[in-house]
């Protein structure tokens, strides 16, 4: 993917915006209503800028997710205050632009609102011979469409299932069953009685590749293969794809879909989940997602090109330290959609920078 024809003009606009304190141009904005009023944990260490040598107007280029535009812009402003000789540029176009920009040598850092998709990852590895270096920089949103929302599982409202494990979901959705067991095709196999005992399970999903689909495949199926017979849904007009699945469940009472909280309709309900057999079933809430107790809580990332064993370039390392600081996580919290990291996660990510 080549960003060169349009990159210069957008970089120029965004450099001006950062230098003058203006907001990001309208093409980069992704609105989402405030979901929480969390504060960054005071146990997260404050950032004390270290030495970064640079020539006047040397660039630090950020290319990646439009859904991270507000927090990325906040981080860029924080960084420029500490290093005014550096020209921080920001291309907030899409998550799909981030890792390809690293591969093309355009970006120093790539904020990405999801894990790298297989092709993005493979293209990078093919060129450089090692994987892109990923740092967790925030927790995903609870349920905001387009803002790396927590994944959930929906069934018909009348479905009496009390909860599902990752192994059971793997048995429903995969052909490889990397978590063990045999295929589950009826609700009776999950312990339901009466009219539900012989009712077929009708799985919905998204045609790959898609960030939500890839996360579910990675997290639940242990990167297994999808089974045949999944009904891949598409959005219609302004209707999100998983809302189509939710609306269809009044005719497909045996239906099940991975989805987002924004897709919940009157015909469906959210199923509490457990990652391991014997674990308690957990429902998605601000608290369970922030603390990553809910097993399908998500992170958002910054990717960089770091060869194995090599030290990070000082300006890149300091930017990541700023992001992982109390000041940087205050910026995440203030947005009210993405959630700040827990102190123990910050500690783990900071350790990766050395």
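The values are calculated or read from the model by the stated rules, or taken from the named source; none is laboratory data. The model shown is predicted, which means the values in this text are computed figures rather than measured ones. Here the Cβ positions follow ideal geometry from the backbone for every residue, glycine too, while neighbour counts run over all protein chains shown.
Quick one: is residue 56 closer than 24 Å to residue 347 by Cα, assigned by TED's automatic domain parsing to the domain that holds residue 323 and surrounded by fewer than 19 Cβ atoms within 10 Å (Cβ to Cβ)? If you could, list the steps in order and put the result at the bottom.
On the way: closer than 24 Å to residue 347 by Cα: no; assigned by TED's automatic domain parsing to the domain that holds residue 323: yes; surrounded by fewer than 19 Cβ atoms within 10 Å (Cβ to Cβ): yes.
When the stated conditions are applied, residue 56 does not pass them.
Residue-wise test of (1) closer than 17 Å to residue 242 by Cβ; (2) modelled with pLDDT of 95 or more; (3) assigned to a helix (DSSP H, G or I).
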{"position": "170", "(1), (2), (3)": "no, yes, yes"}
{"position": "178", "(1), (2), (3)": "no, yes, no"}
{"position": "182", "(1), (2), (3)": "no, yes, no"}
{"position": "189", "(1), (2), (3)": "no, yes, yes"}
{"position": "203", "(1), (2), (3)": "yes, yes, no"}
{"position": "208", "(1), (2), (3)": "yes, no, no"}
{"position": "216", "(1), (2), (3)": "yes, yes, yes"}
{"position": "223", "(1), (2), (3)": "no, yes, no"}
{"position": "229", "(1), (2), (3)": "no, yes, no"}
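Tell me, which helices (runs of 4 or more DSSP H) wholly within region 59-168 include 2 or more residues that are surrounded by 24 or more Cβ atoms within 10 Å (Cβ to Cβ)? Reasoning before the result, please.
Working: elements: 69-82, 98-103, 118-128.
Per the criteria, 69-82, 98-103.
Which members of region 322-350 meet the condition of being in a helix (DSSP H, G or I), touching a helix residue (DSSP H, G or I) at 6+ places or on another chain (Cβ under 8 Å) and closer than 14 Å to residue 46 by Cα?
322, 323, 327, 328, 329, 331, 346, 350 - these are the residues of region 322-350 that are in a helix (DSSP H, G or I), touching a helix residue (DSSP H, G or I) at 6+ places or on another chain (Cβ under 8 Å) and closer than 14 Å to residue 46 by Cα.
If you go through region 295-313, how many residues are more than 20 Å from residue 101 (Cα to Cα) and either touching a residue at least 40 places away in the same chain (Cβ under 8 Å) or buried (at least 20 other Cβ atoms within 10 Å of the Cβ) (or both)?
5
Exactly one condition in (1) surrounded by fewer than 21 Cβ atoms within 10 Å (Cβ to Cβ); (2) touching a strand residue (DSSP E or B) at 6+ places or on another chain (Cβ under 6 Å) is not met by residue 246; state its number.
The one condition residue 246 does not meet is (1).
Looking at (1) part of a helix (DSSP H, G or I); (2) over 25 Å from residue 217 (Cβ atoms); (3) touching a strand residue (DSSP E or B) at 6+ places or on another chain (Cβ under 7 Å), which one does residue 306 not meet, given that it meets all the others?
So residue 306 meets the others, but not (1).
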